1. What residue, among those in region A:272-309 that are in contact with a Phe, Trp or Tyr (Cβ under 7 Å, 6 or more places away or on another chain) and of a type in the set (A, V, I, L, M), is farthest from B:LEU33 (Cα to Cα)?
2. All but one of (1) away from every other protein chain (no Cβ under 14 Å); (2) touching a helix residue (DSSP H, G or I) at 6+ places or on another chain (Cβ under 8 Å) hold for A:LEU202, so report the exception by its number.
3. Give me a count of the residues in region A:194-235 that are part of a loop (DSSP other than H, G, I, E, B), closer than 26 Å to A:ALA399 by Cβ, hydrophobic (A, V, I, L, M, F, W, C) and more than 21 Å from the chain's Cα centre (by Cα).
4. Among the helices (runs of 4 or more DSSP H) confined wholly to region A:422-539, which include 3 or more residues that are in contact (Cβ under 8 Å) with a residue 60 or more places away in the chain?
5. How many residues are crowded, with 24+ Cβ neighbours inside 10 Å and assigned to a loop (DSSP other than H, G, I, E, B) if we restrict to region B:82-97?
6. If you go through region A:91-112 one residue at a time, how many are in a loop (DSSP other than H, G, I, E, B), out of contact with any strand residue (DSSP E or B) (no Cβ under 8 Å at 6 or more places or on another chain) and modelled with pLDDT of 90 or more?
7. List every residue pair whose Cβ atoms lie under 9 Å apart, where the two residues are 6 or more positions apart in sequence or sit on different chains, the first residue falls within region A:349-373 and is crowded, with 18+ Cβ neighbours inside 10 Å, and the second residue, located anywhere, is assigned to a helix (DSSP H, G or I) and aromatic (Phe, Trp, Tyr).
Amino acid sequence: MSSPKLNRRDFLKLVSVTGGGLVLALYLDACDKLPPELPLLSAKDPASEPGAVTPNIYVKVDKNGLLTVTAFRSEMGQGIRTALAMLVAEELDIAWENVRIEQTPADSRFGNQHTGGSQSVTKYYTALRNAGAAARQMLIQAAARRWKVKAEECRTEPGFVIHPQGMEKLAYGDLVEEAAKLNPPLTVKTKDKDFKILGTELGHWDAPQIVSGKAIFGLDVRVPGMLFAVIARCPVFDGRFSSVDDSASKAIPGVKQVIKLDDRVAVLAENSWAAIRGRDALKITWDEGSKANLDSQQITSEAAGRLVKASEPANLLEAVYEMPYEAHATMEPMNCTVHFHDDVCEVWSPTQTPQSVQKAVAQVSGLSQDKVIVYTTLIGGGFGRRLQVDYAVEAAQVAKAANVPVQVLWTRADDMQHDFYHPLSVQYAYTSLDKPALPIINIEHGQGIPIGDWRSVGEFPAAYSKECFTDELAYRLGRDPLDLRRELYRDNPRALGVINLAAEKSGWGSALPARQGRGMAYHATFGVTHVCQVAEVAVDARGNVGVKRVVCAVDCGRVVNPGNIKAQMEGGIVFGLTAALKAEATLKNGRIQQSNFHDYPILRMDEMPLVEVYILESDEKATGIGEMGVPPIAPAVANAVFAATGIRVRRIPIRPADLKV
Amino acid sequence: MPVYQITINGQVVEIEAEAEMPLLWALRDLLGLTGTKYSCGMGICGTCTVLIDGLPVRSCITPVSSLTGKSILTIEGLSPDVTHPLQKAWLEEQVTQCGYCQPGQILTAAALLEKNPAPTDAEIDSAMSGVLCRCGTYQRIRKAIHRAAQGG
């Protein structure tokens, strides 16, 4: 790999030798030209604001020879903590078991910590490798000085610098004190071969803590003296209470305080159960406001009514597709723990955006941002829900009013009924049969309730209508959907790469029994990671769709952790299958009708298809994987259902009633 | 308030709680055993599963008053040092993503293997399909259970 020349402003700066460690602050912007933020996420990005300072990251090697990497993005199962540390560890040349990861609190010095859009590895790939390489070079230099040899003639083995004659070696830990006194290198050389860590299948660094029950998620935070709070929110969006009778609530053993915020009411108790019961015992009259008549069927018709249809070109093929609101349904419901003391506010939050939490809590509590300390815990599922800050704002309001540390817990129903939903949409796709091409798509979203980012955001409907329509077009033209895609994507070699690989591995074109079928979908989510999936389904006489097998080919550029790429594809497919076949959030009388996993059913193990993931070798830039497995699966399944039954269902979730014999 | 003597992870503990308090909250909020997780609160998702006398039980709907004389195993008690065959298999197969549901998955699997040391895929699905995972780790859970059944 190249040796980037770092200019004065961007050099690797030695900032501290506290604790006997070699600590490098790496100014990142010269190392990696950052791509512009994706439009969907930019408005909320703290670093998009003027005055944001240069990002930097800390890498520490200590006297015990341990590498500590500071994680500055949020871990929610996508494996980012592990990936960031792998990039550093590879270049430092250290055994994986000697790597530690520490999560930084919200801190503008670390740049933008907003963990959304599957961008962390893309943005920091080069920078973190340079950080590790710089530390290695300094350790080599320290050893060379001691041995009075040329640094260029030394090499390393994991954790050691090796003497040019190979007879002696020095452990990193024995070199850090001398290395820390050296000037950091102005150029770094990263590896171009013989990778020991990158490209290997490493389990998540946090996994041992998780399987032993020691991992700390948001709800596991315990602050001495804290109370647990559960909040009554108006079941209709934007409504508020008009009167509250809390006498029954206060009579429940363990209930300590009832706090009225502007629009909602919190019950604080000695334990979560008392808080839940206390909340449920409140007698509240709600002023439901202007949204008490919202109905998702009506919202759908209104969106359909706004759709602009095409009048030209001639000989149109057109279709309208539809998808409902979807909830995030993270297994760990929303929660946040807040403690005001000594003029500061400490916040423990399973959040994807700690800096936004910091800013929002500062605003609502009247503190300056530097007085708000936000610790990001492990996250029991994010999927975009935790890019919001609502859970933190209300927790701060409650903790401030209560004058004790408070953990606000959302029950499952709270979480499901007060989400920021993946938007309901109707999509009109068309193309001319005279000159068949990828469709033009007009989309209209439902209006009236809070919507937000949901794993793969607008790529989900975009891929759904594009890929379902492409399948319809192929049948209409009497073409094989694979052949048509090869033609439509003929100028896109990376698209063709995954399409051909998925076709080959799936046995595309081979015969299947009656009422079974294969469907294909290809999509490049955010235009960067290419994924093609072939779903194989069986539809029984009652119309139940069983997905038997999914073949997934992915090209995400240079590979950091292939095990994790496969896991994220598997996970994306499962997430998408829930939306394709099972769950939807509906509104009646302004209320979300679903409240738990019985009426918002997510995919279960006995419904899990065999998923095979194939990764294309690539020297392209490393791109994201967290969301990219989701968009192709719904159209792949819909197309497979058509192949199996001849029925074209243009709405998800596909239900048995759509397909009964 | 009544006091209940319950055996948790091999130790007899006293829990002073109302009779109806679910075991989940006693573990988490009274005893500090936060490895057992809350997710649905209605016995639907299996996240909060613990073993009671070896059988998988939803702790979110199990009142503490029903547990006198019973022996409870939570994820913290499965092994002192992450060496239970299922924990090792979970690491080998790189099962975990967010990890929130995994204590319930692992304990449910432990009860399965206790009863059926060599389960088929169908038997695994049948035993495990009540434990939900939004991250989609099911395929790896299946593999990990097979691996543990085969002695790692």
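1. A:LEU307
2. The one condition A:LEU202 does not meet is (1).
3. Number of matching residues: 4.
4. Fully inside region A:422-539 and qualifying: A:459-477, A:493-506.
5. 3
6. Residues meeting the conditions: 1.
7. Note: pairs meeting the criteria are A:SER349/A:TYR391; A:PRO350/A:TYR391; A:THR351/A:TYR391; A:GLN355/A:PHE110; A:VAL357/A:TYR391.
Let's see how each residue does on (1) in a strand (DSSP E or B); (2) within 10 Å of chain A (Cβ to nearest Cβ); (3) in contact with a His (Cβ under 9 Å, 6 or more places away or on another chain); (4) in contact (Cβ under 8 Å) with a residue 60 or more places away in the chain:
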position	(1), (2), (3), (4)
B:TYR4	yes, no, no, yes
B:ALA19	no, no, no, no
B:TRP25	no, yes, no, no
B:LEU33	no, yes, no, no
B:GLY41	no, yes, no, no
B:VAL57	yes, no, no, no
B:THR68	no, no, no, yes
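The values are calculated or read from the model by the stated rules, or taken from the named source; none is laboratory data. Remember, it's a predicted structure, so these values are computed and weren't measured experimentally. All Cβ positions, glycine included, derive from the backbone under ideal geometry; neighbour counts span all protein chains shown.
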